[in-house]
Amino acid sequence: MSQKTVRLTMAQAVARFLTMQKTVIDEQTVPIFGGVFAIFGHGNVAGVGEALHGIKDTLPTYRAQNEQGMAHAAIAYAKASFRRRFMACTSSIGPGALNMVTAAALAHVNRIPVLLLPGDVFANRLPDPVLQQVEDFGDGTVSANDCFRPVSRYYDRITRPEQIIPALRRAMQVLTDPAECGPVTLSLCQDVQAEAYDYPESFFEEKIWHVRRVMPDADEFAAAATALLHAKKPVIIAGGGVLYSEASPALIRFAERYGVPVMETQAGKSSLPHDHPLNMGSVGVTGSSASNQLAEEADVVLAVGTRLQDFTTGSWALFKNEDLKIIGLNVQPFDAHKHQALPLVADARAALDALASALTGWQAEPEWTERAKDGKDEWLVAADRATASTNAELPSDAQVIGAVQRARENALLVCASGGLPGELHKLWKAGGPGSYHMEYGFSTMGYEIAGGLGVKLARPDDDVVVMVGDGSYLMMNSEIVSSIMIGAKLTIVLLDNAGFGCINRLQMATGGANFNNLLKDTHHVTLPGIDFAAHAASMGAIARKVGSISELETALQESEGNDRTTVIVIDTDPLITTDEGGHWWDVAVPEVSDRPQVNAAREAYVQALKAQRAG
Ligand SMILES: Cc1ncc(C[n+]2csc(CCOP(=O)(O)OP(=O)(O)O)c2C)c(N)n1
Ligand SMILES: [Mg+2]
């Protein structure tokens, strides 16, 4: 067979292939890759680096400051694009590559597509061991990049230039598959990046990708419909899958038509507008009282696009109805079958639309729906109380949230770890779908600022506000530099409670001594007294510290028009959280201790475990 070919290096083939992958957004054909983040070293500068330079006007390359940070940004880009568009990340070998492993796991847990292209050692092995090469005494095929295997949905090592043909095709299939998607890692051996091959021209033809909408199976659908037709006290748990499926309108239609209250997971928050009367808000460990009261009694839980992680299920102690049936509406069978659910393997929008016309005559019990609406009203009073302004010297996280909400009504909120996610889950009033961006599958400290950068690249017209604790800021802040360089403006609100506030509280709740979390409780010679505003300013941000909630509100209003990343620092109280709502969370308490507080906590723990449903 005589195919027309073009002679390229493997790295050039990768670059050219990426530029030809397209998708359709709002009826416009656009590149599916929004760009590449790169940090070069000897493992990728010559091969991949030269290839990316060749396409830089079609597919922009951004230099990041930290490989984990750039992968966070790429993941956030895909999440903020509802998994319709992605980014690629290229690193050198060894430390550069391994810096991306945590981010790969983050994408794996959260089911977010990202293409990782770490360099790898020489396939020909002649110069071994090269700088940064891990040597395995018993296995010549091992390299540091094997660490990506358990945290990649698809992993491949490219040891010959033609291998990239099936590998890239498979990569695209995984990245665009709503059930399978996650991180794809193609380890590109350094020598092979630079090697030429006569690639078939057909490999570089434009390819337009569409999201597959899986239709429900007839039998699964009938079983789910029957369960709903018998339900008197149904609830819907909306997970991230609702957003990725763009199923919000279908969810609203379903909920309104049948009077079913909806509760949102962290990933699913903003599926419904916060002020929809059937939106009960957050559910589970960080749930509203409105949601959790209903969840306790619910007879049917329609779980849509959720992994049902412990924060959602209250470590499986939340649902107390003995006859509870769960319907697992999920595009991924692994999730659809969890906890003996009736599986309904399908796209969320497709299945909700189909269900909406199959349940004619059925309704949730009217008292149930009314109770839900009353519960929501009561919750709102509590939430408003928690977020009201204050003159307290050290405000709570909730009071800072209130100020951000009032000053930046249309903000797209980004957060990931610390005490903030719980408070934001309960209290943030999310607007349109995707206006609340919480990484809570992995809850990775250091995601927030890098993630904000990715969100801003995906949604440049949005007012991206990052909320971050002092601990998480210290762990990773350097993508502030990238945000300034790229011109991706973020507003970063840094809540400084002088330590790991939430873990300190968890420590106290499990009977532990205050130890090694707040800075004052650590082994130290000197407390650093960190000037976060000066630190952020040194990286090029506009930065200031405010002394009160009202000053914060003013600063947020005034900085809205700033042309570059702005950091506003406020001291907060490490001990206060919102009492209302919430649920027990399974954190194992020691069985043996000299501390009476631990023994008391253990007793309470053993009691609490009795409510847990074994799956
Ligand atoms: C990378 C990583 N390491 C450790 C943890 C465990 N952890 C969760 S929150 C937290 C403390 C966060 O401190 P800070 O950002 O100041 O938030 P605060 O708890 O004070 O609200 C820690 C250590 C984590 N989530 N991620
Ligand atoms: Mg803190």
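The values are calculated or read from the model by the stated rules, or taken from the named source; none is laboratory data. Only a predicted model underlies this, so the values are computations on that prediction, with no experimental measurement involved. Please note: Cβ atoms are built from the backbone with ideal geometry, for glycine as well, and neighbour counts cover all protein chains shown. In case anyone asks, the SASA skips ligands and DNA or RNA and just uses the protein heavy atoms, side chains included. Shrake-Rupley method; radii C 1.70, N 1.55, O 1.52, S 1.80 Å.
Just a few scattered comments:
- From the list Ala224, Ala250, the one residue that fits, being buried (at least 24 other Cβ atoms within 10 Å of the Cβ), touching a residue at least 40 places away in the same chain (Cβ under 8 Å), more than 21 Å from the chain's Cα centre (by Cα) and over 30 Å from Leu126 (Cα atoms), is Ala224.
- For the stretch 428-449, filtered to residues that are hydroxyl-bearing (Ser, Thr, Tyr) and over 19 Å from Ala105 (Cβ atoms), the residue that is surrounded by the most Cβ atoms within 10 Å (Cβ to Cβ) is Tyr436.
- Subset tally (residues that are in contact (Cβ under 8 Å) with a residue 40 or more places away in the chain, closer than 22 Å to Ala358 by Cβ and open to solvent by 20 Å² or more (accessible area, probe 1.4 Å)) for the stretch 253-292: 2
- Number of the condition not met by Val465 [criteria: (1) touching a Leu at 6+ places or on another chain (Cβ under 6 Å); (2) within 16 Å of ligand 2 (Cβ to nearest atom)]: (2)
- Test: residue in the stretch 549-560 that is of a type in the set (Asp, Glu), under 16 Å from Thr387 (Cα atoms) and either touching a strand residue (DSSP E or B) at 6+ places or on another chain (Cβ under 7 Å) or not in a loop (DSSP other than H, G, I, E, B) (or both): yes
- For the stretch 346-365, the criterion of being aromatic (Phe, Trp, Tyr), crowded, with 21+ Cβ neighbours inside 10 Å and modelled with pLDDT of 95 or more is met by no residue.
- Close contacts from the stretch 468-484, counting a first residue that is of a type in the set (Ser, Thr, Tyr) and a second that is open to solvent by 10 Å² or more (accessible area, probe 1.4 Å) and within 15 Å of ligand 1 (Cβ to nearest atom), with Cβ to Cβ under 6 Å and a gap of 6+ residues or different chains, come to Ser472/Gly418; Ser472/Met445; Ser478/Asn66.
- Filtered by the rule that a residue be within 13 Å of ligand 2 (Cβ to nearest atom), in a loop (DSSP other than H, G, I, E, B) and among the charged types (D, E, K, R), the stretch 568-591 gives a lone residue, Asp573.
- All of (1) touching a strand residue (DSSP E or B) at 6+ places or on another chain (Cβ under 8 Å); (2) in contact (Cβ under 8 Å) with a residue 40 or more places away in the chain; (3) surrounded by 20 or more Cβ atoms within 10 Å (Cβ to Cβ) hold for Cys181 with one exception: (1).
- For Ile576, the conditions (1) more than 30 Å from Pro460 (Cα to Cα); (2) more than 30 Å from the chain's Cα centre (by Cα) all hold with the exception of (2).
- Taking (1) within 20 Å of His583 (Cβ to Cβ); (2) under 17 Å from the mean Cα position of the chain (by Cα) in turn, Trp379 satisfies each apart from (2).
- Looking only at the stretch 8-47, and only at residues there that are of a type outside the set (A, V, I, L, M, F, W, C), open to solvent by less than 40 Å² (accessible area, probe 1.4 Å) and in a helix (DSSP H, G or I), the one that is nearest to Ala78 (Cα to Cα): Thr19
- In the stretch 407-420, the residues that are within 22 Å of Ser389 (Cβ to Cβ) form Cβ pairs under 7 Å with partners that are within 16 Å of ligand 2 (Cβ to nearest atom) and open to solvent by 10 Å² or more (accessible area, probe 1.4 Å), at six or more places apart or across chains, as follows: Gly419/Asp397; Gly419/Gly469; Gly419/Cys502; Gly419/Thr577; Leu420/Asp397; Leu420/Gly469.
- Qualifying residues in the stretch 502-547 (those that are touching a residue at least 60 places away in the same chain (Cβ under 8 Å) and touching a Lys or Arg at 6+ places or on another chain (Cβ under 8 Å)) - the one farthest from Gly418 (Cα to Cα): Gly540
- Hits in the stretch 316-335 - residues which are open to solvent by 10 Å² or more (accessible area, probe 1.4 Å) and either in contact with a Leu (Cβ under 9 Å, 6 or more places away or on another chain) or polar (S, T, N, Q) (or both): Trp316, Asn321, Lys325, Ile326, Asn330, Gln332
- Test: Ala179 is over 28 Å from the mean Cα position of the chain (by Cα) and of a type outside the set (S, T, N, Q): no
- All positions within the stretch 162-205 that are among the β-branched types (Val, Ile, Thr) and more than 23 Å from Gly43 (Cα to Cα): Val174, Thr176
- Filter result for Asp563 (free of Cβ contacts under 8 Å to residues at least 24 places away in the same chain and among the acidic types (Asp, Glu)): no
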